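Undergrad: Quick one: the structure is below, and I'll ask about it shortly.
The values are calculated or read from the model by the stated rules, or taken from the named source; none is laboratory data. Just so it is clear, the model here is predicted, and its values are computed rather than measured. Cβ atoms come from the backbone with ideal geometry, glycine included; neighbour counts cover every protein chain shown.
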Amino acid sequence: MLSSIYIQVSKRCNLRCKHCFNDSNSSSTELFDPARAEELANQAAAMGCRVAVITGGEPTLTMDSTCALAQALIERGIVPIVYSHMSSVRPQQLERLRTAGVFIIHTSLDSPDPDEHDWFRGSPGSFRRTVDNVHRAMDEGFEIWARMTLTTFNHLKAVRMADFLADLSVRSFRVRPMVPVGRASREFCLRSTQLRTTVGQLLEWRGRNAGRIDITFLPTCFEFLLEPIEDRPHIPCFIAKAFIAPNGDVQGCNYFTPVLGNVFETPLPILWPAYAQKVQDSIGSCETCDSCASWHVCHGGCKANNAAYGIPLSSPDPLCFMASNVQPGCPA
């Protein structure tokens, strides 16, 4: 079963972000067919999905597909979250999303410093446009989540970002280290020691600012390594969520690149169980992980990191700050 599904409606985007996992661009013609929205929503429901993230590209550039998917998902009891950079969203697009039943928009802000964010996003003025549209969307009744991609140049500003977003009345702050796939360069990717510092700073901030904003670490195991929760085991995301491309190709996640099949040829309820078992078998046993007290909340961490750095899936996550030995090629 799946807890969530990510559906990419297109690879069309009007920004040029330095970390884009799929090289989205303004000329892409790969689009999700809105006529297949109900078919895909049926499969998501059959897999027990509770949440579906509609992503891109930039989903507000393909409103027919985005709204058709949102409506089909809602009819089946699945909450749609639209993932938008929000720097170009217009009032009429917000109205269409609201009419379709969307109430959560997930955006991205990658630095509390506007010029740094604009450089990272490849678009001067994008920080201010995004913030202005966040205000507009919240005035229209939308709940806003925001994500910060952690890099070597911004990770020590994560606490400032938490303060900024809390003051903005954003509901959820989600942080994730950059993964070196697509346009993302390894030179900007965090080292495990830097990640530990940032996670620790955010956990300390959260302890002092209870209730101001929800903070979620992606993958969640990074949080639990520093604040273990015995009764909350981590479920590896490559088993708990799926990523669907506009043409129906399915992957374990947007960073975990092997294509498992196509959901319009072989439905998810048939594809997924065999895939999940195959990945679990390929991970096998790891002496370092098996002897770690945090194994029950981590299960080896993010396997997309392993794949991106060319490290066997049976090894610890290369960003793990608990492992005593560093694998060759890891960002120590």
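Undergrad: Just one of the numbered conditions (1) in a helix (DSSP H, G or I); (2) surrounded by fewer than 16 Cβ atoms within 10 Å (Cβ to Cβ) is not true of Gly141; which one?
TA: Unmet condition: (1).
Undergrad: Of the residues that sit in segment 249-270 and are in a helix (DSSP H, G or I) and surrounded by fewer than 19 Cβ atoms within 10 Å (Cβ to Cβ), which one is farthest from the chain's Cα centre (by Cα)? Talk me through it step by step, then tell me what you get.
TA: Of all residues in segment 249-270, those in a helix (DSSP H, G or I) come to 268-270.
Filter once more, so that each one left must be surrounded by fewer than 19 Cβ atoms within 10 Å (Cβ to Cβ): 269-270.
Working: Pro269: 23, Ile270: 25 Å.
Step by step, filter segment 249-270, then rank; the result is Ile270.
Undergrad: Let me ask something additional. In segment 120-171, which residues are under 25 Å from Arg208 (Cβ atoms), in contact (Cβ under 8 Å) with a residue 40 or more places away in the chain and of a type in the set (Gly, Ala, Ser)?
TA: Ala146, Ala158, Ala162, Ala166
Undergrad: Next question. From the list Leu15, Leu40, Leu31, which one is crowded, with 17+ Cβ neighbours inside 10 Å, at pLDDT below 95, in contact with a helix residue (DSSP H, G or I) (Cβ under 8 Å, 6 or more places away or on another chain) and farther than 19 Å from Thr107 by Cα? Reasoning before the result, please.
TA: On the way: Leu15 fails: farther than 19 Å from Thr107 by Cα; Leu40 fails: at pLDDT below 95.
Being crowded, with 17+ Cβ neighbours inside 10 Å, at pLDDT below 95, in contact with a helix residue (DSSP H, G or I) (Cβ under 8 Å, 6 or more places away or on another chain) and farther than 19 Å from Thr107 by Cα holds for just one of Leu15, Leu40, Leu31, which is Leu31.
Undergrad: Considering only segment 70-86, I want to know if a residue exists there that is in contact with a Ser or Thr (Cβ under 9 Å, 6 or more places away or on another chain) and over 20 Å from Leu40 (Cβ atoms).
TA: Yes, the conditions are met somewhere in segment 70-86.
Undergrad: Taking the stated definitions as given, is Ser172 modelled with pLDDT under 95, polar (S, T, N, Q) and more than 17 Å from Glu58 (Cα to Cα)?
TA: Working: modelled with pLDDT under 95: no; polar (S, T, N, Q): yes; more than 17 Å from Glu58 (Cα to Cα): yes.
When the stated conditions are applied, Ser172 does not pass them.
Undergrad: Going residue by residue through segment 48-67, is there one that turns out to be polar (S, T, N, Q) and assigned to a loop (DSSP other than H, G, I, E, B)?
TA: The first filter runs over segment 48-67 and keeps only residues polar (S, T, N, Q), leaving 55, 60, 62, 65-66.
Right, trim to assigned to a loop (DSSP other than H, G, I, E, B) and you get 62.
Within segment 48-67, one or more residues are polar (S, T, N, Q) and assigned to a loop (DSSP other than H, G, I, E, B).
Undergrad: Which condition from (1) assigned to a helix (DSSP H, G or I); (2) surrounded by 21 or more Cβ atoms within 10 Å (Cβ to Cβ) is the one that Thr107 breaks?
TA: Tallying (1) assigned to a helix (DSSP H, G or I); (2) surrounded by 21 or more Cβ atoms within 10 Å (Cβ to Cβ), Thr107 fails exactly one: (1).
Undergrad: Can you tell me which residues in segment 144-159 are over 19 Å from Arg121 (Cα atoms) and either in contact with a Leu (Cβ under 7 Å, 6 or more places away or on another chain) or surrounded by fewer than 16 Cβ atoms within 10 Å (Cβ to Cβ) (or both)?
TA: The initial filter retains those residues of segment 144-159 that are over 19 Å from Arg121 (Cα atoms), namely 144, 159.
Val159 - this is the single residue of segment 144-159 that is over 19 Å from Arg121 (Cα atoms) and either in contact with a Leu (Cβ under 7 Å, 6 or more places away or on another chain) or surrounded by fewer than 16 Cβ atoms within 10 Å (Cβ to Cβ) (or both).
Undergrad: Checking Glu39 against (1) in contact (Cβ under 8 Å) with a residue 60 or more places away in the chain; (2) assigned to a loop (DSSP other than H, G, I, E, B), which test does it fail?
TA: (2)
One line per residue, one yes/no per condition, for (1) polar (S, T, N, Q); (2) in contact with a Lys or Arg (Cβ under 7 Å, 6 or more places away or on another chain); (3) outside any helix (DSSP H, G or I); (4) more than 24 Å from Asn25 (Cβ to Cβ):
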| position | (1), (2), (3), (4) |
| --- | --- |
| Leu69 | no, no, no, no |
| Ile81 | no, no, yes, no |
| Met86 | no, no, yes, no |
| Glu95 | no, no, no, yes |
| Thr99 | yes, no, no, yes |
| Asp118 | no, no, no, no |
| Asp132 | no, no, no, yes |
| Ala137 | no, no, no, yes |
| Thr152 | yes, no, yes, yes |
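Undergrad: Right, something else. Among the listed residues Arg191, Arg186, Arg196, which satisfies the condition of being at pLDDT below 95, surrounded by fewer than 19 Cβ atoms within 10 Å (Cβ to Cβ) and within 21 Å of Asp23 (Cβ to Cβ)? Step through it out loud before you land on a result.
TA: Values: Arg191 fails: within 21 Å of Asp23 (Cβ to Cβ); Arg196 fails: within 21 Å of Asp23 (Cβ to Cβ).
After applying the criteria, what remains is Arg186.
Undergrad: For segment 272-332, which helices (runs of 4 or more DSSP H) that fit wholly inside it have 2 or more residues that are crowded, with 21+ Cβ neighbours inside 10 Å, over 23 Å from the mean Cα position of the chain (by Cα) and modelled with pLDDT of 85 or more?
TA: Numbers: elements: 287-290, 295-298, 303-308.
Qualifying helices (runs of 4 or more DSSP H): none found.
Undergrad: Quick check on segment 224-231. Is at least one of its residues modelled with pLDDT under 85, buried (at least 18 other Cβ atoms within 10 Å of the Cβ), part of a helix (DSSP H, G or I) and not polar (S, T, N, Q)? Please lay out each step first, then the result.
TA: Here is the first cut: in segment 224-231, the residues modelled with pLDDT under 85 are 224-231.
With buried (at least 18 other Cβ atoms within 10 Å of the Cβ) added as a condition, the list becomes 224-225.
Subset that is part of a helix (DSSP H, G or I): 224-225.
Among the residues that remain, those that are also not polar (S, T, N, Q) are: 224-225.
Checking segment 224-231: at least one residue is modelled with pLDDT under 85, buried (at least 18 other Cβ atoms within 10 Å of the Cβ), part of a helix (DSSP H, G or I) and not polar (S, T, N, Q).
Undergrad: Another question, then. Output the number of residues of segment 1-17 satisfying the condition of being within 11 Å of Gly56 (Cβ to Cβ), assigned to a strand (DSSP E or B) and of a type in the set (S, T, N, Q).
TA: Adding up the residues that qualify gives 2.
Undergrad: Pro124: in a loop (DSSP other than H, G, I, E, B), surrounded by fewer than 23 Cβ atoms within 10 Å (Cβ to Cβ), in contact with an Asp or Glu (Cβ under 6 Å, 6 or more places away or on another chain) and not small (Gly, Ala, Ser), yes or no?
TA: Values: in a loop (DSSP other than H, G, I, E, B): yes; surrounded by fewer than 23 Cβ atoms within 10 Å (Cβ to Cβ): yes; in contact with an Asp or Glu (Cβ under 6 Å, 6 or more places away or on another chain): yes; not small (Gly, Ala, Ser): yes.
In short, yes.
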